[in-house]
Amino acid sequence: MYKCKYFKIQELVCPHVYKKYGDKSWEFFSEEFLKDLDTVREVLGVPIIINNWHVNGQYKESGNRCQFCSIVAKKITNKELNMSMHNLYRAFDLKPKNLEIKKAVEMIMDNVHRFKVIKRIENPDYTLTWLHLDTKGHHKGIRIFNP
């Protein structure tokens, strides 16, 4: 079982999942996706916040999202199907420290050959305060998509 070099499991999962599964939560992520996440950290060269709820921070749904998380629960209440990559342990919203999102996207795209399973980046014009990465798709390389 692979564990990230740069991230604790609490940074990747919501509090509900961590409370129930603790360190076993690593098993929900693919090894390749976790390695790609470490590669993102190396490419950007700056600390990255995903979730920080475990240190009394405001972010708790930027990694996985379970059915009890507010974003998902609202959709369930509205009887909407929710097949988010976050629910499937295949997406992260990253907040790089002291690095503009557009610059982070450029750096990742310049190193696209280093990534195995990351397939999409949400258009940085829509996400000026975070960088959404996921594994959706079967195409080669990484595509920028609009939500």
Quiz item: How about the stretch 131-147: which of its residues are among the hydrophobic types (A, V, I, L, M, F, W, C) and within 18 Å of residue 44 (Cα to Cα)?
Solution: 131, 133, 142, 144
Quiz item: Restricting the search to the stretch 8-50, which residues are open to solvent by less than 60 Å² (accessible area, probe 1.4 Å) and aromatic (Phe, Trp, Tyr)?
Solution: 26, 29, 33
Exercise. Give the residue that is surrounded by the most Cβ atoms within 10 Å (Cβ to Cβ), with candidates limited to residues of the stretch 51-67 that are small (Gly, Ala, Ser) and without any contact (Cβ under 8 Å) to a residue 60 or more places away in the chain.
Key: 63
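Can you name the residue in the stretch 68-98 that is in contact with a helix residue (DSSP H, G or I) (Cβ under 6 Å, 6 or more places away or on another chain) and free of Cβ contacts under 8 Å to residues at least 60 places away in the same chain and, of all such residues, is farthest from residue 121 (Cα to Cα)?
For the stretch 68-98, the residue satisfying everything is 68.
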Practice problem: Identify, from the list 33, 29, the residue that is closer than 15 Å to residue 90 by Cβ and touching a strand residue (DSSP E or B) at 6+ places or on another chain (Cβ under 9 Å). | Solution: 33
Quiz item: Out of the residues in the stretch 68-99 that are open to solvent by 100 Å² or more (accessible area, probe 1.4 Å) and more than 18 Å from residue 11 (Cα to Cα), which is nearest to the chain's Cα centre (by Cα)?
Solution: 83
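Based on what the data block shows, is residue 84 touching a strand residue (DSSP E or B) at 6+ places or on another chain (Cβ under 8 Å), at pLDDT 95 or above and assigned to a loop (DSSP other than H, G, I, E, B)?
Judged against the criteria, residue 84 is not a match.
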Quiz item: Name the pairs: first residue in the stretch 36-47 and outside any loop (DSSP other than H, G, I, E, B), second residue of a type in the set (D, E, K, R) and surrounded by 16 or more Cβ atoms within 10 Å (Cβ to Cβ), Cβ to Cβ under 6 Å, at least 6 apart or on different chains?
Solution: none
Exercise. Report yes if some residue within the stretch 102-110 is under 19 Å from residue 63 (Cα atoms) and charged (D, E, K, R); otherwise report no.
Key: no
Quiz item: Among the strands (runs of 3 or more DSSP E) contained in the stretch 100-147, which hold 2 or more residues that are within 18 Å of residue 83 (Cβ to Cβ) and open to solvent by less than 30 Å² (accessible area, probe 1.4 Å)?
Solution: 131-134
Practice problem: Please identify the pairs in which a residue from the stretch 16-32 that is closer than 14 Å to residue 53 by Cβ has its Cβ atom under 7 Å from the Cβ atom of a residue that is among the aliphatic types (A, V, I, L, M) and not in a loop (DSSP other than H, G, I, E, B), counting only partners at least 6 apart or on another chain. | Solution: 18/9; 25/9; 25/17
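The values are calculated or read from the model by the stated rules, or taken from the named source; none is laboratory data. In this text, all values refer to a predicted model and were calculated from it rather than measured experimentally. Neighbour counts are summed over all protein chains in view; Cβ atoms, including those assigned to glycine, are modelled from backbone coordinates with ideal geometry. These accessible areas exclude ligands, DNA and RNA; they are computed on the full protein's heavy atoms, side chains included. Shrake-Rupley method; radii C 1.70, N 1.55, O 1.52, S 1.80 Å.
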